[in-house]
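Engineer: One structure, pasted below without further comment.
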Amino acid sequence: MRQQSQTWDESHHLFAGYQYWKHGDFGINPEHPPLLKLVAAIPLLSLDLKEQPVAVGPTDTAHWASAAEFLYQNTIDHDIILFRSRMTASVFTYLLAVLVFLCGLEMFGFGAALLALFLLVFEPNILAHGALVTTDIAETCFVFASVYAFYRYVKKPNVGRLLICGVALGFSWAAKHSGLVVGPSLVLLAVADILLQRRRTGHEGAMGVPRPVVRQTRRYGLAIVGIFAVGIVLLWSCYAFRFAARPEGAALNPTLDVQARSLKNGMETNLVLALASRHVLPEAYLWGLSYVLGNADRGSFLLGKVYATGPWFYFPLVLMMKCTLGFLLLLAAFPVAAMRLRMPRELSFLVIPPTIFLAISMLFGLNIGLRHVLPIFPFLILLSAAAAMNLAARSRLVAGAIAVLVVAHATSSLHSYPNYLTYSNEVVGGPSNTRFVMSDSNVDWGQGFKQAAAYLAERQVTDCWFAYSIPISMVDPRFQGPCRPLPVGLGRITPPFPAVIEGTILISANEAAGQNWGPDGLNPYRQFFDKQPDDVIANSILVFRGSFDVSLASASSHAARARQLMIRDKLEDALREAQTAAQLFPDSADVQATLCLALALTQTTRKEETKGVCQAAFSIARRVHPEFQFLHVHSVRAIASWFK
């Protein structure tokens with residue numbers, strides 16, 4: 001991890017965790033629950049760091065600048081801060097490894113447990129996220145811990161095991177909002193175990209239901225209620241048993257009421273507001289839940305194509321590409337060995353939770369990285385280990401083949417060192433080809449800045465251009481080196497630059513893929529996706545040398561500045577920027593829509609000109625990938641209502 005610069009969310013999580021401890025301000029980064037942030041910030045409490053005031057401004061945006069300042073402009077070097085926090089965050093990975101081994105030992109014996117541990121240790125997706133100050137591994141750990149603890153309770157019910165399961169469930173909720181999926185999983189596991197009990201017993205009771213089944217149903221029902229109650233108490237403890245997100249005198253911006261009412265689904269809005277009015281869950285948790293639900297539909301990039309919304313098949317395909325072939329083949333052996341295992345209870349506990357988690361993830365639409373389904377990995381690893389050991393017992397030949405697959409798993413994983421985030425298997429072409437089939441945190445999550453800075457210094461590059469998905473302002477300015485920024489798909493403002501640029505150009509693989517820009521001609525960097533780069537840094541940053549027409553990027557930059565000036569009520573300046581953008585690239589719906597807005601705000605006498613520009617923008621948007629433009633291009637959405 002020392003070779004990786006901070007990824008997208010890490011400074012924000014660190015700043016938030018530090019503020020939680022120092023000020024009890026859970027209004028910082030409320031989009032995510034606090035567990036990981038609290039734990040990762042513990043080693044910072046003993047350092048002599050600059051005190052940060054209670055932050056103000058929009059909850060979703062105002063705190064990013066404070067987070068960057070906290071990490072990179074503090075009294076302690078940022079590498080020390082980040083390394084300490086990453087090593088503390090990795091405790092969840094070590095705990096997960098222990099739990100996987102213990103679960104394998106209890107269910108299938110020592111051989112399967114040891115094999116499962118080996119598979120987990122060399123799993124590239126675990127290695128990629130295992131020491132990041134992000135929520136995914138913490139959630140993975142406690143989702144698995146909750147299911148394993150419930151399995152142990154089912155085997156031998158007692159109060160101690162019930163309490164442990166409740167604590168684990170509460171931590172899964174406090175790690176990430178998707179941990180809420182564990183609740184329904186436990187209910188279904190209880191139902192499955194009751195059905196198994198009914199098959200085993202023959203004693204009839206009332207209404208033809210066996211008496212042991214009636215007793216078991218009653219016991220499981222009370223147990224689930226108790227586990228949920230403990231989980232809710234544990235979740236509240238992570239918010240210091242306080243409903244209000246922020247200290248006295250500060251408030252969420254927007255408020256929880258406004259955030260919840262912005263949801264498109266009325267049932268979701270009513271549920272969040274009902275929970276808030278009764279103080280069932282903390283305000284910050286409910287605000288974050290509303291935020292996650294409201295941002296579920298995002299663009300995706302898969303197999304070279306940009307989708308306006310996440311396709312349902314995203315996660316199954318990404319799993320097939322980002323798991324090692326050795327692991328996939330071992331997992332494929334599970335159906336063959338399942339009948340011979342004859343362990344219905346154990347198999348139900350390893351099959352039902354990942355199936356539910358994956359199914360909900362496929363329907364949810366937040367398809368921006370395999371990390372969002374990382375909690376299914378411990379279950380799949382145990383299933384493949386159990387199947388492998390069962391088959392290996394049949395013959396030496398099968399055992400030898402399994403040994404080859406295990407070695408192949410480790411070898412393929414280590415081949416991607418140190419850039420595990422970009423891992424993909426040999427069918428895809430390995431880590432260097434991942435950028436052609438995936439994007440976002442599957443490829444480039446900000447981890448390559450250090451390697452890019454070293455690359456530029458080694459080659460003594462004194463002038464260059466850089467289009468990078470993570471804002472330069474969010475990381476150490478030294479990482480930018482001599483490069484001037486180019487606009488990116490998230491719409492950040494850059495200084496003016498010409499339509500044709502020359503020299504060394506660095507392009508993030510995400511920008512070249514166009515997930516945030518849109519498909520084909522909507523992406524100003526599409527030419528760099530199709531062109532062979534002169535160099536590739538960290539499998540995620542493309543380097544080109546020469547002269548390149550970037551007129552659409554330049555126009556987009558002027559249009560972004562025009563929109564910013566409109567917000568600041570500098571309408572004449574905004575109009576000039578919008579007109580410059582239209583001159584540079586008139587065939588962009590975004591550019592024409594921005595000019596339409598600027599004219600509408602400044603021109604009261606030239607209504608025909610304004611109407612013509614607006615109609616041109618709408619016409620282009622309807623002609624060129626309307627499914628993306630009307631959903632994701634804000635300027636187009638702003639004028640779309642005028643033509644209904």
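A short reminder: the numbers here are calculations on the coordinates, not readings from a lab. Just so you know, these numbers come straight off a predicted model, no measurement behind them. Every residue, glycine among them, receives a Cβ derived from its backbone with ideal geometry; neighbour counts consider all protein chains shown.
Engineer: To check you understand DSSP bridge types, tell me what percent of the beta bridges within the chain (both residues inside) are antiparallel, rounded to 5. Can you show the working numbers first?
Structural biologist: Values: 15 of 22 bridges.
Just about 70 percent of them are antiparallel.
Engineer: Which whole-number value in Å³ per residue fits the convex hull of the alpha carbons of segment 92-188? Write down the numbers at each step before the final one.
Structural biologist: Values: hull volume 9.2 nm³, N = 97.
In segment 92-188, the Cα convex hull volume per residue is 95 Å³.
Engineer: How many nm separate the modelled label positions at Gln527 and Lys155, each set 7 Å beyond the Cα in the direction of the Cβ?
Structural biologist: Distance between the two pseudo-spin positions: 6.3 nm.
Engineer: Checking the cross-link filter: which aspartates and glutamates have an alpha carbon closer than 15 Å to that of Lys50, excluding same-chain neighbours under 8 positions apart?
Structural biologist: List returned: Glu69, Asp77.
Engineer: Let's see if you can work this out: charge +1 on each Lys and Arg Cβ, -1 on each Asp and Glu Cβ, no other charges. What is the dipole magnitude of segment 559-643 about its Cα centre, in debye to the nearest 20? Provide the component values of the computation, followed by the final result.
Structural biologist: Working: 11 positive and 9 negative charges, 23 e Å.
Result for segment 559-643 is approximately 100 debye, rounded to the nearest 20.
Engineer: Something else now. Relative to the longest principal axis of the chain, what angle (0 to 90°, nearest 10) does the C-alpha long axis of helix 182-200 take?
Structural biologist: For helix 182-200, the angle is close to 30 degrees.
Engineer: Tell me, what is the percent relative contact order of segment 441-549, built from C-alpha pairs under 8 Å that lie six or more residues apart?
Structural biologist: Details: 168 pairs, mean separation 32.9, N = 109.
For segment 441-549, the relative contact order is 30 percent.
Engineer: Quick check on segment 296-448: what does the Kirkwood estimate of hydrodynamic radius come out to from the alpha carbon pairs, in Å? Don't jump to the answer; show the numbers that get you there.
Structural biologist: Details: mean 1/r = 0.0604 Å⁻¹.
The Cα-based Kirkwood calculation yields 16.6 Å.
Engineer: Right, something else. Working from the alpha-carbon coordinates of the chain, get Rg over Rh, Rh being the Kirkwood radius.
Structural biologist: Numbers: Rg = 26.5 Å, Rh = 26.6 Å.
Rg/Rh for the chain comes to 1.00.
Engineer: Separate question: For every helix of n ≥ 4 consecutive DSSP H residues, a contribution of -39,500 (n - 2.57) applies; sum these over the chain, divide by its total residues, and give [θ] at 222 nm rounded to the nearest 500 deg cm²/dmol. Please list the in-between numbers first.
Structural biologist: Working: 29 runs with 371 residues, N = 644.
Mean residue ellipticity, 222 nm, calculated: -18000 deg cm²/dmol.
Engineer: Could you work out how far helix 377-392 tilts from the main Cα principal axis of the chain, as a 0 to 90 degree angle to the nearest 10?
Structural biologist: 50
Engineer: Please arrange Leu330, Leu45 by counting, for each residue, the other beta carbons lying within 10 Å of its beta carbon, fewest first. Each step should come with its number before you reach the end.
Structural biologist: Values: Leu330 25, Leu45 11.
Lowest count first: Leu45, Leu330.
Engineer: Here's a follow-up. In what order do Leu522, Leu595 fall by count of nearby beta-carbon atoms within 10 Å, going from fewest to most? Mind dumping the intermediate values first?
Structural biologist: Working: Leu522 22, Leu595 30.
In order of increasing Cβ crowding within 10 Å: Leu522, Leu595.
Engineer: Separate question: Order the peptides 278-290, 355-367 from the highest to the lowest mean number of other Cβ atoms within 10 Å of their residues.
Structural biologist: The densest-packed peptide leads the list: 278-290, 355-367.
Engineer: Quote the relative contact order of the chain in percent (integer), defining contacts as alpha-carbon pairs under 8 Å separated by 6+ residues. Show your work: numbers first, answer last.
Structural biologist: Values: 1084 pairs, mean separation 81.1, N = 644.
Rounded, it is 13 percent for the chain.
Engineer: Additional query: Could you name the lysines whose alpha carbon sits less than 23 Å from that of Lys176, not counting residues in the same chain fewer than 8 places away?
Structural biologist: Lys22, Lys37, Lys264, Lys322
Engineer: Using the count of nearby Cβ atoms within 10 Å as a rough guide to exposure, how do Leu383, Leu38, Leu47 rank from fewest to most?
Structural biologist: Numbers: Leu383 26, Leu38 17, Leu47 13.
By the 10 Å Cβ count, ascending: Leu47, Leu38, Leu383.
Engineer: State the Kirkwood hydrodynamic radius of segment 441-549 in Å, one decimal place, computed from all pairs of distinct Cα atoms. Numbers along the way, then the final one.
Structural biologist: On the way: mean 1/r = 0.0721 Å⁻¹.
Its Kirkwood hydrodynamic radius stands at 13.9 Å.
Engineer: Can I ask one more? Return the whole-Å distance between the Cα centroid of segment 330-363 and the Cα centroid of segment 597-629.
Structural biologist: 53
Engineer: Still on this structure, I have one more. For segment 91-412, what is the Kirkwood estimate of the hydrodynamic radius, computed as the reciprocal of the mean inverse distance between distinct Cα atoms, to one decimal in Å? Numbers along the way, then the final one.
Structural biologist: Values: mean 1/r = 0.0469 Å⁻¹.
The answer is 21.3 Å.
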